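Just below is one structure, and these are the notes that go with it.
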Amino acid sequence: MSLWGILAINSVAFGGLLFLLSAGFSLIFGLMRVPNLTHGSMFMLGGYVGSTLYLTWHLPFWLAALGAAATVAVFGGVIERLLLRRLSGSILAQVLVTLGISFIVADFCLLTWTGDPISVATPPGLTGGVRAFGLFFTTYRIAIILVACVVAALLWALLDKTRLGAMIRAGVDDPEMARVVGIRVSRLFTIVFCLGAGLAGFGGIMGAPILTVYPGLDGDMLPLALVVVILGGAGSLLGSLVGSFLIGFVYNFGQAMLPELAYFVLFLPMVLVLVLRPQGLFGRHAP
Amino acid sequence: MRVNRRKFLAGTAAIAGAAAFPMPSIAQAKGVKIGLLTVKTGPLAEGGFQMEQGVTTYLKSKNMSLAGHKVELVVADTGGNPAGTKTKAQELVERDHVNFILGPLAAFEMLAISDYVVQNKMPTLCLAGADNLTQRQPNAFLTRASATSSQAMHVMGDYAAKVMGLKKVVCLDSDFAFGYEQQGGFQQVFEDDGGKVVKKIWAPLGAPDFTPFIAQIQGADGVCQGYAGAAPVKFMKQYADVGLKLPVVGGETAGDDALLPRFGDEAIGMINACPYTIDLKNDANDKFKALMQKEYQAVPGFYAASMYVTVQVVEAALRALHGDLSKPAQTVKALRAVSLKETARGPIRFDHLGNVVGDIFVRKIVKEGGKLTNVTQKTYHNVSQFWTYNEAKYLAQPAYSRDYPPVKA
Amino acid sequence: MTATRASLLAALAVLVAVPWWVPGDYYISVCSQILIYAVFALGVDVLIGYAGLVSLGHAGLFGLASYAVAIALASGSGQLGAVALALAVALLGTAAFAALSLRATGIGFIMITLALGQILWGLAYRWVSMTDGDNGVGVAARPMPFGFNLEVASHFYYATLVVFLLALLAAWVFVHSPFGASLAGTRDQPRRMNALGYHVWLIRFYACLFSGLLTAVAGILFVYYTKFISPQTLALTASAEGVLMVISGGSGTLLGPIVGAALVVIVKNVASAYIERWNMLLGAIFVAIVVFMPEGLVPGTTRLVRRAFKLRPNAPAPTGEPAPGEPAP
């Protein structure tokens, strides 16, 4: 009983983290058609910057998290304006440059924060947990679930209720048409890339009290972001939300129940979806 | 723009040229050349940095001269993968003509070059634990002053059963050979002492979250974890998060002294067995700690200590050989004949297969003055890789693996 | 065209003379590695450059061939049998790989190949009875074709060179054949090709098989070179490296992958002896390539040379990217 309980709670919490990671990836990919392979690095960078702000500069946790998100968002903006901008439409060059940057970021982090892991203490007020129904609910995990829901709601409001959101949706649906009707796609791209990077960075520091921050975190997270987006469908917020929780459950229950398939459990559903429904569960068009 | 481009091209050409045609170094007649295979990039880099610190600390303390012979150190970064290790070993052997190879770090790296060092008769002193290289498939040119992967875990199994009185333990580890050998060693001794391993859980490499594995801990009065690198910190955090309070035991990587500052308070109470301990009271260790503090402002751990002692072994062998390194087989013989009464990890000697026989310390993580530190609970003296088993019998049983020893129903 | 022929002969002469002009066995071995990875990159380029399909799972096929050789030899097979088995296994594997991944194109193809590559990687770790997990499988000795001892670095280099030249020739014939033209058609105009009555899927499938064949050949050379195979060879980073070699050198050319392979192998193995942060250097080189020559080193250099000599003004870039200096619209 308690096994299933822990797994269920952790599935949702891990799904929440995956949503923070993948929502940006999905938007960037959906709107800009850029396979942003630095996304894992953004997550890791957010974890490092946030933990430094929190542990070394002693900022309050939430301020540190926002600081990390802002830093990574700026970093993303720089990459977009300086490099990706000139490569629109050229997937190969985008793959090359995003992987190149991820090499640089990984080595930079290793030099700056050493190879030792950074364990971020659970922020005060969110420590401990509650025992209910014979289960132990960790407060911080519940907080992550809530934060992910709030972020999802904000993103939904942004996309559905604002002018900017309408432009982004138009851009996702039909980039050429959006350009024709006078949407400044170029500025939109920068905003979306910053937003996506910032979300990943925010996810990194939010995840830090659970996952810790360590060299190689980027490589551990990137495939998960890809899997979620492929499963949910690129460019779809709902898709990455559902995909994240789905993968959260598949990861947790799959690892526990099918240890023999530990290496495959994440990829089998993805292959299945791709083969049966190439556009993903909620995608509009095949990538 | 054009100028920039030309400059850039010229720059790359210059780099490429410099890289492609370096002059081969000519081996010094009198000097000794030591090659260090370590990892300085990627996820394993921290262990690699510490290895290098251990080596350079000893060499610097001796003014880059061992037993009267000037030492030149060549450091090579394997990148933490087998193919890179092979190439770097070739670089050290065929280009730099080193007299000894120290390292590599990981078992899979050492296995990739095992045949190569034999073919090239290269005396090698590895950190990597891969059991079989000093057991069932002994490497005639290998000397290991660190430990086999299971050496300290045998001790841990004994301590867990006899001193802690644990009866049923769940083992968690990474799904690779180092993990299998760690848990195999623990299980064999623990069960011979009357305990029982009720479940062994393997987390695939690259798993970001251990909670699904920790959630499966049931029906036990203790937990044994053998994670290495950054993973022990993550494990302890997530272990505490699910509200588990069972005692945790582990090996040399699980509670490494160098890693302690990175743990949260959830690590307090963890029992771990290690061939080195920060609180060993002898002059050699005091000096080692002081040097590490001075050179790197670092608390040493197992990696640095093992390599520091490894260089000391090389020095002793050089002294015995009077610097004559012309016969590699003799060099290996001299290395394995080294017996040191006092090192930073206590007295050591080698068995006939080239593996170290030395003290293993069972420690407990406590908080002292706001800092986590290991406090030795019990010292097991002169522990060999075969624990107390008969060597022939031990070698006749299968190597520790994912399924050996099996979990009994 | 005599100029081309002359430069080809010159290049061949340089390659044949490698054991004389590089200082020592170590550098000969590095050159062997470059050739091995060049064959691998050629295999990856068949898909990227000519079929427009980016595979992030090719290290899995590479490793499949390596494991097949090592395991066959370890279970007592002869060298020839092991190589034949490896080719057969790798081709079968590629066929399955292609059947699944060709359900999609574009990013979908990347993702399926990534997943399949990860599955093969996981299999290498987990199928311990076959692969011995991360302990890997060793190869006792290199073969002795016609009594030619391949344990000697220069001998192995020549054997690799012969295989490399054959692979290059095969690739040249492949891309210049009518089939190669129809493959390029499926890359640029899949719908039109379909309308014209071409079986687009089948063309891509055959391209995958050819790509898998080159990859398998590289995998076999590799396992003989290192005499050891373990799961890390199949990792995602290894697949990504193959793709990076192709893109950095210039996809859709035959010289590009070779240059890219040389670049990566030299930075990883040779420059790393002098520059501690070689990982960062490699990343910086990739970024610089994208900034200065987004079409890759080989086409980019060609463009610069042509511009300098004003041979052919504004030759169009082969993959249709906007020329640098003229920002994308």
Subject >> Output for the range B:214-228, where each listed residue is surrounded by 24 or more Cβ atoms within 10 Å (Cβ to Cβ) and farther than 20 Å from B:HIS154 by Cβ >> reply: B:ILE214, B:ALA215
Subject >> Lone unmet requirement of (1) buried (at least 24 other Cβ atoms within 10 Å of the Cβ); (2) touching a Phe, Trp or Tyr at 6+ places or on another chain (Cβ under 8 Å) for C:ILE258 >> reply: (2)
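Return yes or no: is C:TYR198 in a loop (DSSP other than H, G, I, E, B), of a type outside the set (Asp, Glu) and touching a residue at least 12 places away in the same chain (Cβ under 8 Å)? Step through it out loud before you land on a result.
On the way: in a loop (DSSP other than H, G, I, E, B): yes; of a type outside the set (Asp, Glu): yes; touching a residue at least 12 places away in the same chain (Cβ under 8 Å): yes.
Spelling it out, C:TYR198 is indeed in a loop (DSSP other than H, G, I, E, B), of a type outside the set (Asp, Glu) and touching a residue at least 12 places away in the same chain (Cβ under 8 Å).
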**OP:** Pull up the range B:196-255, narrow it to residues that are among the aliphatic types (A, V, I, L, M), in contact (Cβ under 8 Å) with a residue 40 or more places away in the chain and within 22 Å of B:PRO275 (Cα to Cα), then point me to the one that is farthest from the other protein chains (Cβ to nearest Cβ).
**Re:** B:VAL249
Original post:
Applying the selection to the range A:87-115, what residues are touching a Pro at 6+ places or on another chain (Cβ under 9 Å), in a helix (DSSP H, G or I) and within 13 Å of chain B (Cβ to nearest Cβ)?
Top reply: A:ALA106, A:CYS109, A:LEU110, A:TRP113
Subject >> Output for the range C:125-134, where each listed residue is surrounded by fewer than 17 Cβ atoms within 10 Å (Cβ to Cβ) and not small (Gly, Ala, Ser) >> reply: C:TRP127, C:MET130
Original post:
So, in the range C:22-64, of the ones that are aliphatic (A, V, I, L, M), within 14 Å of C:ALA261 (Cβ to Cβ) and facing another protein chain (nearest Cβ under 10 Å), which residue ends up surrounded by the most Cβ atoms within 10 Å (Cβ to Cβ)?
Top reply: C:ILE48
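Does C:PHE292 satisfy the criteria of being at pLDDT 95 or above and either crowded, with 24+ Cβ neighbours inside 10 Å or more than 10 Å from chain A (Cβ to nearest Cβ) (or both)? Please lay out each step first, then the result.
Values: at pLDDT 95 or above: no; either crowded, with 24+ Cβ neighbours inside 10 Å or more than 10 Å from chain A (Cβ to nearest Cβ) (or both): yes.
So C:PHE292 does not fit the description; no.
Let's see how each residue does on (1) more than 12 Å from chain C (Cβ to nearest Cβ); (2) in contact with a strand residue (DSSP E or B) (Cβ under 8 Å, 6 or more places away or on another chain):
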| position | (1), (2) |
| --- | --- |
| A:VAL185 | no, no |
| A:GLY196 | yes, no |
| A:MET206 | yes, no |
| A:GLY219 | no, no |
| A:GLN255 | yes, yes |
| A:ALA262 | no, yes |
Original post:
Residues of the range C:23-46 being in contact with a Phe, Trp or Tyr (Cβ under 8 Å, 6 or more places away or on another chain) and in a loop (DSSP other than H, G, I, E, B), which ones?
Top reply: C:PRO23
Original post:
When you look at C:GLY108, is it at the interface with another protein chain (Cβ under 10 Å from one of its Cβ atoms) and either surrounded by fewer than 22 Cβ atoms within 10 Å (Cβ to Cβ) or not aliphatic (A, V, I, L, M) (or both), yes or no?
Top reply: yes
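For the range A:103-112, state whether one or more residues are of a type in the set (Asp, Glu) and modelled with pLDDT under 90. First the steps, then the outcome.
The initial filter retains those residues of the range A:103-112 that are of a type in the set (Asp, Glu), namely A:107.
Applying the additional criterion that residues be modelled with pLDDT under 90 yields none.
No; the residues of the range A:103-112 include none that is of a type in the set (Asp, Glu) and modelled with pLDDT under 90.
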**OP:** Out of the residues in the range C:264-289 that are more than 9 Å from chain A (Cβ to nearest Cβ) and under 19 Å from the mean Cα position of the chain (by Cα), state the one that is farthest from A:GLY216 (Cα to Cα).
**Re:** C:ILE266
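Suppose we filter C:ARG103, C:ARG142 for residues that are farther than 19 Å from B:ALA112 by Cβ, surrounded by fewer than 22 Cβ atoms within 10 Å (Cβ to Cβ) and of a type in the set (Lys, Arg); which single one remains? So that I can check it myself, show each step before the final result.
Values: C:ARG142 fails: farther than 19 Å from B:ALA112 by Cβ.
Result: C:ARG103 is the single residue among C:ARG103, C:ARG142 that is farther than 19 Å from B:ALA112 by Cβ, surrounded by fewer than 22 Cβ atoms within 10 Å (Cβ to Cβ) and of a type in the set (Lys, Arg).
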Original post:
Of all the residues that make up the range B:84-104, how many are within 12 Å of another protein chain (Cβ to nearest Cβ) and within 20 Å of the chain's Cα centre (by Cα)?
Top reply: 5
Subject >> Test set (1) touching a helix residue (DSSP H, G or I) at 6+ places or on another chain (Cβ under 6 Å); (2) among the hydrophobic types (A, V, I, L, M, F, W, C); (3) in a helix (DSSP H, G or I) - C:ALA13 fails condition number >> reply: (1)
**OP:** Determine whether A:ARG141 is charged (D, E, K, R), over 21 Å from A:THR56 (Cα atoms) and away from chain B (no Cβ under 12 Å).
**Re:** no
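Could you please find all residues in the range A:116-157 being part of a loop (DSSP other than H, G, I, E, B), closer than 21 Å to A:LEU53 by Cα and not hydrophobic (A, V, I, L, M, F, W, C)?
Step one: filter the range A:116-157 for residues part of a loop (DSSP other than H, G, I, E, B), giving A:116-117, A:119-128, A:133-134.
From what is left, the residues that are closer than 21 Å to A:LEU53 by Cα are A:116-117, A:119-127.
Result: A:ASP116, A:PRO117, A:SER119, A:THR122, A:PRO123, A:PRO124, A:GLY125, A:THR127.
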**OP:** Scan C:VAL89, C:VAL69, C:VAL137 and give me the residue that is farther than 21 Å from A:LEU96 by Cα and crowded, with 24+ Cβ neighbours inside 10 Å.
**Re:** C:VAL69
Original post:
If you go through the range C:81-98 one residue at a time, do you hit one that is touching a helix residue (DSSP H, G or I) at 6+ places or on another chain (Cβ under 9 Å), outside any loop (DSSP other than H, G, I, E, B) and either facing another protein chain (nearest Cβ under 8 Å) or at positive phi (or both)?
Top reply: no
Original post:
If you go through the range B:273-292 one residue at a time, do you hit one that is within 14 Å of chain A (Cβ to nearest Cβ), crowded, with 17+ Cβ neighbours inside 10 Å and in contact with a helix residue (DSSP H, G or I) (Cβ under 6 Å, 6 or more places away or on another chain)?
Top reply: no
Original post:
In the range B:361-409, which residue that is within 14 Å of chain C (Cβ to nearest Cβ) and charged (D, E, K, R) is farthest from the chain's Cα centre (by Cα)?
Top reply: B:ASP403
Subject >> Sole exception among (1) among the charged types (D, E, K, R); (2) within 21 Å of the chain's Cα centre (by Cα); (3) at pLDDT 95 or above for B:ASP193, by number >> reply: (2)
Original post:
Which condition number does C:VAL243 fail, the rest of (1) within 11 Å of another protein chain (Cβ to nearest Cβ); (2) surrounded by fewer than 24 Cβ atoms within 10 Å (Cβ to Cβ) being met?
Top reply: (2)
Original post:
Going through the range A:230-283 one residue at a time, which ones are farther than 17 Å from A:PHE25 by Cβ and assigned to a loop (DSSP other than H, G, I, E, B)?
Top reply: A:LEU258, A:ALA262, A:TYR263, A:PHE264, A:VAL265, A:ARG277, A:PRO278
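Specify which of the listed residues (B:ASP324, B:ASP279, B:ASP256, B:ASP286) is farther than 24 Å from B:GLY48 by Cα and either out of contact with any Pro (no Cβ under 7 Å at 6 or more places or on another chain) or part of a helix (DSSP H, G or I) (or both). Even if it seems obvious, please write down each step before you answer.
Values: B:ASP279 fails: farther than 24 Å from B:GLY48 by Cα; B:ASP256 fails: farther than 24 Å from B:GLY48 by Cα; B:ASP286 fails: farther than 24 Å from B:GLY48 by Cα.
Going through B:ASP324, B:ASP279, B:ASP256, B:ASP286 in turn, just one is farther than 24 Å from B:GLY48 by Cα and either out of contact with any Pro (no Cβ under 7 Å at 6 or more places or on another chain) or part of a helix (DSSP H, G or I) (or both): B:ASP324.
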Original post:
Do we find a residue being more than 16 Å from B:ASN272 (Cβ to Cβ) and part of a strand (DSSP E or B) anywhere in the range B:152-171?
Top reply: yes
Subject >> Pairs, first more than 16 Å from C:LEU116 (Cβ to Cβ) and facing chain B (nearest Cβ under 8 Å) in the range C:226-240, second part of a helix (DSSP H, G or I) and basic (Lys, Arg), C-beta under 6 Å, six or more apart >> reply: C:THR226/B:LYS86
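The values are calculated or read from the model by the stated rules, or taken from the named source; none is laboratory data. Model, not experiment: these values are computed from the prediction. In this analysis, Cβ positions are derived from the backbone assuming ideal geometry, glycine residues included, and neighbour counts consider all displayed protein chains.
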